[in-house]
Structures are given as structure tokens and as C-alpha cells.
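The structure appears right after this line, and notes come after that.
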Amino acid sequence: MKIYKLFLLAVTVMTAASCADKLDLYPHSSASPDGVVLTDLPALRIGMYNEVQVEPGTYTWIGEDLLGGDFMYSQSASAAQTIQTYMTAASGQMSGPWNGIYYALYQVNNVLYICSRFPDDDTAKSISGEAHFFRAFLYMNLVTRYGDVPLLRENTTEKVARTPSATVWEFIDEEITLAESLVSLQKSDYYVSKDAVQALKARVLLYEGKKTQAASEAEALITCGRYALDTPDNIWGTPAGRVEASANKESIFSFSNIATEGGITLGNNFYTYGYINKGGGWYFLTKDFYDSFEDGDTRKTDYVYIDPDAQAAGTPFLYCCNKHRGGQSYPSPIPVFRISEMYLIAAEAKGVAGMSRLNELRSFRGLGPVSASTEAAALDAVLAERRHELVGEGQRWYDLVRTGKFVSTINSPEVQDYHCLFAIPQSQITINDLLVQNPVY
């Protein structure tokens, strides 16, 4: 499918490097978007999926885990030291998501422009709906990390200042509404469906503090009958091979992430070379995280892999996140929305009344019920469950930030309030003098 990526880039209009220094790498246009015809739209669509999957890069998909206190870099730094080291204006962990997401947004905007040339065509309308979904999803990833960010409703050669985060959230809501009205039903979980839009809406509403609405959207997906809690092998595959979304009852939307599309081997970051599919051994779970599992929690062995060679050598702290099980050998699908998260959203949004949903998930993972008599206790119970269920899926850092618990949870002088926002990459400030750095950085 790489042909589709090349096609998408071929119809890209060249712009100046006003939003990301990566724009300097864009190829010059060999064909105008105005030259695209209706029969080109399917290829354009696949190219868009490929760009949104690949270009944001590794740190967009797992970076928030690395900054959430449960991972450490190799064997040489604590979780707090990893946060302090990575959260700097010169860090690739800060610039990678910024550059990659804006690169993907550039392509999404291009698709929206092309589709707008065919306002009466059903295929163009459906692809536009998918593009609006991706635009909402990508801006959600930007605003939760960086706060105020440049908002580009269309591609431009002008320098753009940071837009207040409240306005960005309003834009995300608008994009979701447009996606809801345009996206068609899909047979494959690898394509954006109305259910995927609803899952994104549930997450966004939770982040916005609109709890009643968030619970309603999550509950609709839980009760629709199309999804069910599933086993880790069906969600993440086995070392012997990847599992397709169709075999994963939990998958609402996943990126296919296959090698022919330039798939990202996320598992290479988590596993050691002693793993059957090998790995770079970059990031390990902390012993505190491993010890935090309750007795009977099947995720302690399902979601954590202990390197046998390291254990035999007397270094049992090499705990690997046992997701993206292709390791170094092959790229695994990237689950973006799955039904477990909807249980957690419903539980958090309902507070004390949501413990029944939380306990359904806990029971499926081998645990007994919990109860909460206060809203604060209910939130703590949900966050503990999110910590274990969603490990390795890029949500931990913002879970702590949005609930006001990041600094106190890490509990280290190396981590301060300013770490509740990513640094604006210094490279961006250098080329765009309208950008202002986040405090302290």
C-alpha cells in the first residue's frame, strides 16, 4: 500500500515551514489537488490512513506512558529521571509528536480540500467524514499535550500563533459533529465507523468534564451488542503472530499497522532481545508498577513479560510491557479505541454509581468487586484500573494531569507543575517567532 502514500504526497501542495520543521522535507507538488478526479479518491483515502498511522511516530502512541511514572528508560534512570530528561524543549520526545501530528494534519487538510470539490458525491462525503474524525483525533492529541496550539482549518504558508486551548476544544467538538453526519458504517475495524466517532466523542467529553454526556456515549457502545470484553491474546496477538481486528471483540477502531504501510514496531521499544520476537529493550515497567497488581489480576502475567534471561541472571526488574507482541519482528495493530476503555469512561463519568461497570471489567480480569462511598474514592478506583488496563496505550500521563494527580503521584523533586504540559519544541520557536514557550521551559 506504499503506492497510496506516494500518491497522497504527489498531490500535496508545497508550504513553508511555518508549523513544523518537518515541512522542509515535503516533496514539491507533481500534481495539483485540483487535478485529482473521483476515481482517485479511494487511493487518496488509503494514503490518509497511512499518514495518520505512521507520521505521528512512536512517541505519539506510547510517549504518555513513558512520562506517566510507570516506565523507566533502560536500566539507567528512574521513572522521575526519565520524565525530567524527556520533558525539555530540545527533546525528541517533545518535538516528535508535534512534527508528526502536524505532518499528518497537513495531509488530512489536503484530503478535505480535495473532497470539497465533489460536494454531491457519496464517496467524497464519507471520506470527508473520516478526515474530520482524524482532525479531531489529532488535535485532541496536540491540545492535551501542549495546551494552546496553532489551529489550522486549512493549510497555509503563513506563520500561525498558538490558539487558546478552549478554542481548540470547541473545534474538536465541531469536527466530531461533522464526522458523525458524514461517516458511513464500516465492516472493518481498520476504518473509521460511526462507532469509532462515538468512542472518540466519549473520550473527548470525559476530558472536557462533560461527564453525563460521556457516560451516555460510552454506555451506547457497551450495550450495542457489537463489542465484548476479550482476552489479551485476541486483543494483542501472540508471539507467534499478529491478530487481526476482526478477531478482537474489543476493537472499535484500530490502525492495521502492517509492514507494507511502513508499520511502526512499537513492541521493539518494550521487549528485550531475549524475547522470542526480539526487542530493543528501551523502556521497562517499574517494579512498583509490577507490584501494584492485586492478587488474582490476570493482567499481571498477561500484560507484563519478565525476560527469562534477565531473571536467571538475578535482575528481575526487567519487566516488559507485554503489548504489541510482534516485538522487533513485525508491527502489531494499534488499538485506538476498544470497549474496555468505554467501561472505564462510563465508570469514571458516573462516579460512585459507576462502580458496577468498573466491577464488570474487574471480574473479567480475575478480580473481585470494589466499592466507593465518595466521588474521590470512585475516581481513585477508576484511575487504578485505567493504570493497569491501558498500560502501554499512551494514556497514563494525561490521566494523571487531567485529574490533578500527576505531580503528587510521581512524588519526586525532579517533577514539578510545569511538567503538566509538554514543552513547545525549540526548533519550532526558532522558525516561527509567533510561538511562545510554555512556562518554565
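The values are calculated or read from the model by the stated rules, or taken from the named source; none is laboratory data. None of the values given here were measured: they were computed from a predicted structure. When we count neighbours, we look across all protein chains shown, and the Cβ atoms used for this are built from the backbone with ideal geometry, even at glycine. We work out accessible area using only protein heavy atoms, side chains counted, and drop any ligands, DNA or RNA first. Shrake-Rupley method; radii C 1.70, N 1.55, O 1.52, S 1.80 Å.
For TYR305, state whether it is aromatic (Phe, Trp, Tyr) and either modelled with pLDDT of 95 or more or assigned to a strand (DSSP E or B) (or both).
Numbers: aromatic (Phe, Trp, Tyr): yes; either modelled with pLDDT of 95 or more or assigned to a strand (DSSP E or B) (or both): yes.
Taking the combined requirement at face value, the residue satisfies it.
Listed here are the residues, each with its yes/no results for (1) under 19 Å from the mean Cα position of the chain (by Cα); (2) open to solvent by less than 10 Å² (accessible area, probe 1.4 Å); (3) at pLDDT 95 or above; (4) closer than 30 Å to THR430 by Cβ.
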position: ILE127; (1), (2), (3), (4): no, yes, yes, no
position: GLU130; (1), (2), (3), (4): yes, yes, yes, no
position: ALA136; (1), (2), (3), (4): yes, yes, yes, yes
position: ASN141; (1), (2), (3), (4): yes, no, yes, yes
position: VAL149; (1), (2), (3), (4): yes, yes, yes, yes
position: LEU152; (1), (2), (3), (4): no, no, yes, yes
position: THR163; (1), (2), (3), (4): no, no, yes, yes
position: SER181; (1), (2), (3), (4): no, no, yes, no
position: SER188; (1), (2), (3), (4): no, no, no, no
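Somewhere in segment 314-326, is a residue at positive phi, open to solvent by 20 Å² or more (accessible area, probe 1.4 Å) and either not acidic (Asp, Glu) or not in a loop (DSSP other than H, G, I, E, B) (or both)? Reasoning before the result, please.
Initial filter on segment 314-326 (at positive phi): 314, 324.
Narrowing further to those that are open to solvent by 20 Å² or more (accessible area, probe 1.4 Å): 314.
From the residues that got through so far, the ones that are either not acidic (Asp, Glu) or not in a loop (DSSP other than H, G, I, E, B) (or both) too are 314.
For segment 314-326, residues at positive phi, open to solvent by 20 Å² or more (accessible area, probe 1.4 Å) and either not acidic (Asp, Glu) or not in a loop (DSSP other than H, G, I, E, B) (or both): present.
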Exercise for the section: Considering only segment 393-432, state which residues are among the acidic types (Asp, Glu), out of contact with any strand residue (DSSP E or B) (no Cβ under 8 Å at 6 or more places or on another chain) and modelled with pLDDT of 95 or more. Expected result: ASP399, ASP417
Problem - Evaluation of SER329 against (1) closer than 28 Å to ILE306 by Cβ; (2) modelled with pLDDT of 95 or more (one fails), failing number - result: (2)
Fill in the blank from the handout: Residue pairs qualifying under the 8 Å Cβ cut-off, at least six apart or on distinct chains, with the first in segment 169-180 being of a type in the set (A, V, I, L, M) and the second being open to solvent by 40 Å² or more (accessible area, probe 1.4 Å), are ILE176/LYS201
Exercise for the section: Check segment 119-141 and report whether any residue there is more than 16 Å from ASN50 (Cα to Cα), hydrophobic (A, V, I, L, M, F, W, C) and touching an Asp or Glu at 6+ places or on another chain (Cβ under 8 Å). Expected result: yes
Practice task
Mind listing just one residue for me: the one in segment 152-197 that is assigned to a loop (DSSP other than H, G, I, E, B) and of a type in the set (Ser, Thr, Tyr) and, of those, farthest from PHE133 (Cα to Cα)?
Solution key: THR157
Problem - Sole exception among (1) open to solvent by less than 50 Å² (accessible area, probe 1.4 Å); (2) among the small types (Gly, Ala, Ser); (3) free of Cβ contacts under 8 Å to residues at least 40 places away in the same chain for GLY225, by number - result: (1)
Problem - Top-ranked residue in segment 191-245 [being among the basic types (Lys, Arg) and out of contact with any helix residue (DSSP H, G or I) (no Cβ under 6 Å at 6 or more places or on another chain); ranked as nearest to CYS321 (Cα to Cα)] - result: ARG242
Exercise for the section: Report yes if some residue within segment 329-337 is out of contact with any Lys or Arg (no Cβ under 9 Å at 6 or more places or on another chain), among the β-branched types (Val, Ile, Thr) and either part of a helix (DSSP H, G or I) or open to solvent by 10 Å² or more (accessible area, probe 1.4 Å) (or both); otherwise report no. Expected result: yes
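Mind checking whether some residue in segment 250-272 is open to solvent by 10 Å² or more (accessible area, probe 1.4 Å), of a type outside the set (Lys, Arg), closer than 22 Å to GLU341 by Cα and under 22 Å from the mean Cα position of the chain (by Cα)?
Yes, segment 250-272 has at least one match.
What helices (runs of 4 or more DSSP H) completely inside segment 338-441 contain at least 3 residues that are open to solvent by 50 Å² or more (accessible area, probe 1.4 Å)? Working first, answer last.
Values: elements: 339-350, 355-364, 375-389, 396-402, 406-410, 426-431.
The helices (runs of 4 or more DSSP H) meeting that bar are 355-364, 375-389, 426-431.
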Practice task
Within segment 273-293, track down each residue that is assigned to a helix (DSSP H, G or I) and either acidic (Asp, Glu) or surrounded by 20 or more Cβ atoms within 10 Å (Cβ to Cβ) (or both).
Solution key: ASP288, PHE289, ASP291
Handout entry: Filter pass, ALA90 being surrounded by 19 or more Cβ atoms within 10 Å (Cβ to Cβ), more than 24 Å from VAL336 (Cα to Cα), more than 18 Å from the chain's Cα centre (by Cα) and of a type in the set (A, V, I, L, M)
Key = no
